[in-house]
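Derivation of every value follows stated rules applied to the coordinates shown; laboratory data play no part. Model, not experiment: these values are computed from the prediction. All Cβ positions, even for glycine, are placed from backbone atoms using ideal geometry, and neighbour counts span all protein chains on display.
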Amino acid sequence: MLKGIDPRLNAEILAALRAMGHGDVLTIADANFPSDSVARSTVTGRLLRMDGASGPEAARAVLSVLPLDTFVDDFAMRMEMVDAPREIPPVQGEVQAEIDAAEGRPRPMVGVERFAFYDLARRSYAVIQTGERRFYGCFLFRKGVIAPDA
């Protein structure tokens, strides 16, 4: 355990988040996502796990240490629902609330069609699979920067 670090952020996840650079993308996936096979194509090449966490809990933990990119519109993406791409299921609304809280203002996620999401996830830095069982609990976060001290 580390003081001030969310205990859901295990050593492997912290190492991946620390190693990521500006613009690298992190996939946070629900329990139904093909996480292991997708993770094999990522930069890390292995699956990271946060089994006991819901999607919003995982997002809160990650956002407690990971800045989101402020230079692009696709700083955070969500998997669109098949046949209802504009609909926001509850799990996505809860993750959106975590993003808004971390950012200190509303910053809506960009929707991505399901198979396009899989392609983006394969090109991401790492995949964290959560214990989230609600459908469409899948997200992509683009790492931002931490400004120098004044």
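From the P(r) of segment 101-150, can you give the percent of Cα pairs sitting at distances over 17 Å? When every Cα pair of segment 101-150 is considered, 54 percent fall beyond 17 Å. Dipole magnitude for segment 34-142: computed about the Cα centre from +1 point charges on Lys and Arg Cβ and -1 point charges on Asp and Glu Cβ, it is near 320 debye.
Each residue in I28, I88, I5 was given a count of other beta-carbon atoms within 10 angstrom of its own, and listing them fewest first yields I5, I88, I28. If you take all other residues with their beta carbon under 12 Å from the beta carbon of V65, and give Lys and Arg +1 and Asp and Glu -1, the sum is +3. Which shape class, rounded, prolate or oblate, goes with segment 34-142 when its Cα gyration tensor gives a ≥ b ≥ c as root eigenvalues, a/c under 1.5 marks rounded, and past that a/b bigger than b/c marks prolate? Rounded, since a/c falls under 1.5.
Taking every C-alpha pair closer than 8 Å and separated by at least 6 residues, the mean separation divided by the residue count of segment 5-150 gives a relative contact order of 47 percent.
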